[in-house]
Amino acid sequence: MTALETAILRRLTELTKTARMWGSPEELECVAFHFTHVLLCSRNTGWSIEQSFEKWKALGGPFADDPDEHANMRSKLWGEQELKARTQVVEGFLVVWTGLERHPEREAVFGPWIEGLLDFPERAGSPDRLNMTLFALMGFVAADPQKYVAALSLERHRIGGHELRALPVVAPPGPTEAALTYTRNFASWARVTEGIAAVMKDLTQ
């Protein structure tokens with residue numbers, strides 16, 4: 001196993017240990033899925049996103065549930081303005097990516113997929129999943145994580161009025177309940193973390 005593969009698997013382990021920091025079960029699963037996809041692409045020339053989906057399904061995914069709770073969260077994040085929310089995410093992360101100091105070995109593997117998501121953001125699904133996935137992937141590539149977080153905070157402030165506000169929030173600038181997802185009643189956290197563990201087991205066999 002290469003050093004990069006080891007680092008990716010370590011990051012997947014960290015995801016399961018810090019699950020509730022990732023917004024919602026669907027966001028957590030999306031982040032793990034895209035890390036897994038990039039790992040599989042690095043191992044298999046010509047590997048496709050469809051093949052990753054099939055592998056994920058074969059291992060029991062998708063693991064996240066709580067459809068009503070996720071829908072309620074998204075109704076407060078952007079409501080009927082999903083396109084605007086997705087555009088805000090793409091534009092915000094494009095600014096950050098353009099100025100990001102990058103770890104060269106990680107960029108060589110992750111860079112094409114990150115740029116693919118910026119060009120075709122629907123690949124990550126809803127704007128909140130896109131937001132969290134780009135956040136995680138770029139954070140993994142960043143040469144200086146503190147500078148990365150600072151740049152992202154500035155962009156959030158520019159778009160939404162304060163640095164803690166998630167990019168896909170389309171309410172007026174300023175503090176908003178819509179950015180607070182951590183108190184929601186999601187019940188599938190354990191199922192997602194157990195699913196990620198099963199994927200990791202498969203990746204290391």
When residues of the range 125-155 are limited to those that are over 16 Å from the mean Cα position of the chain (by Cα), in contact (Cβ under 8 Å) with a residue 12 or more places away in the chain and part of a helix (DSSP H, G or I), the one farthest from residue 13 (Cα to Cα)
155
Does residue 143 satisfy being in contact with a strand residue (DSSP E or B) (Cβ under 8 Å, 6 or more places away or on another chain), surrounded by fewer than 20 Cβ atoms within 10 Å (Cβ to Cβ) and over 18 Å from residue 41 (Cβ atoms)?
yes
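Okay, residues lined up against (1) modelled with pLDDT of 95 or more; (2) part of a helix (DSSP H, G or I); (3) hydrophobic (A, V, I, L, M, F, W, C):
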| site | (1), (2), (3) |
| --- | --- |
| 47 | yes, no, yes |
| 57 | yes, yes, no |
| 62 | yes, no, no |
| 73 | no, yes, yes |
| 92 | no, yes, no |
| 96 | yes, yes, yes |
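Looking at 142, 150, which one is under 19 Å from residue 90 (Cβ atoms) and either modelled with pLDDT of 90 or more or in contact with a Cys (Cβ under 9 Å, 6 or more places away or on another chain) (or both)?
Values: 150 fails: under 19 Å from residue 90 (Cβ atoms).
One residue alone meets the criteria, 142.
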Mind listing just one residue for me: the one in the range 88-130 that is among the aliphatic types (A, V, I, L, M) and more than 23 Å from residue 48 (Cβ to Cβ) and, of those, surrounded by the most Cβ atoms within 10 Å (Cβ to Cβ)?
89
When both residues are 6+ apart or on different chains and their Cβ atoms are under 8 Å apart, which pairs have a first residue that lies in the range 43-60 and is farther than 12 Å from residue 198 by Cβ, and a second that is hydrophobic (A, V, I, L, M, F, W, C)?
47/40; 47/41; 51/40; 52/33; 52/40
Residue ID - surrounded by the fewest Cβ atoms within 10 Å (Cβ to Cβ), chosen from residues in the range 1-42 that are part of a helix (DSSP H, G or I) and among the hydroxyl-bearing types (Ser, Thr, Tyr)
6
Criterion first (among the aromatic types (Phe, Trp, Tyr), loosely packed, with under 15 Cβ neighbours inside 10 Å and more than 15 Å from the chain's Cα centre (by Cα)) does residue 63 satisfy it?
no
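The values are calculated or read from the model by the stated rules, or taken from the named source; none is laboratory data. Values in this document were obtained by computation on a predicted structure and should not be read as measured data. Cβ sites come from the backbone with ideal geometry, for glycine too, and all protein chains shown count toward neighbours.
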